[in-house]
């Protein structure tokens, strides 16, 4: 399964390069990504509950500090 990336500009020759979903997932896990969002529950324009959500998605190898060889 491949996904075509949206073009960033008309001059970019790699704008329509197909990317496999596995390659995209590998890149995300290697570098990590933060997903955040806010949810607000309100009645009559009065905020009752506000929830902030943050999630870090990365592989353990990307987050672990490198071990010393010596």
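The values are calculated or read from the model by the stated rules, or taken from the named source; none is laboratory data. Quick caveat: nothing in here was measured; it's all calculated off a predicted structure. All Cβ positions, even for glycine, are placed from backbone atoms using ideal geometry, and neighbour counts span all protein chains on display.
Side notes on the structure shown:
- Checking each residue in the stretch 19-38 for being surrounded by 11 or more Cβ atoms within 10 Å (Cβ to Cβ) and over 20 Å from residue 55 (Cβ atoms) picks out 19, 20, 23.
- Within the stretch 39-65, the set of residues being surrounded by 10 or more Cβ atoms within 10 Å (Cβ to Cβ) and in contact with a helix residue (DSSP H, G or I) (Cβ under 9 Å, 6 or more places away or on another chain) comprises 56, 57, 58, 59, 62.
- Against the numbered list (1) at pLDDT 65 or above; (2) part of a loop (DSSP other than H, G, I, E, B), residue 7 comes up short only at (1).
- When the stretch 49-70 is filtered for residues that are part of a loop (DSSP other than H, G, I, E, B) and at pLDDT 75 or above, the ones remaining, listed by number, are 58, 59.
- In the stretch 30-48, the residues that are part of a helix (DSSP H, G or I) never reach a residue that is exposed (fewer than 10 other Cβ atoms within 10 Å of the Cβ) and at pLDDT below 90 with C-beta atoms less than 6 angstrom apart, at least six apart or across chains.
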